[in-house]
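The values are calculated or read from the model by the stated rules, or taken from the named source; none is laboratory data. Just so you know, these numbers come straight off a predicted model, no measurement behind them. All Cβ positions, even for glycine, are placed from backbone atoms using ideal geometry, and neighbour counts span all protein chains on display.
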């Protein structure tokens with residue numbers, strides 16, 4: 001492989017790596033993970049812990 005071809009391949013590799021890394025960060029900002037929504041938090045577990053600390057019993061779930 002000639003030096004100019006090797007340089008070209010190396011430059012394209014670096015540019016491609018940069019674009020993929022930049023795109024993945026930008027895409028995660030544009031399309032946030034659905035697991036991190038407010039609806040996915042489990043307030044029931046924290047309510048149980050608060051009730052156990054205060055000595056109250058939580059209402060039985062049916």
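Quick grid of which residues meet (1) surrounded by 10 or more Cβ atoms within 10 Å (Cβ to Cβ); (2) modelled with pLDDT under 75:
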| site | (1), (2) |
| --- | --- |
| 17 | yes, no |
| 47 | yes, yes |
| 53 | no, yes |
| 61 | no, yes |
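Within region 19-45, which residues are modelled with pLDDT under 80 and either in contact with a helix residue (DSSP H, G or I) (Cβ under 6 Å, 6 or more places away or on another chain) or not in a helix (DSSP H, G or I) (or both)?
32, 33, 37, 41, 42
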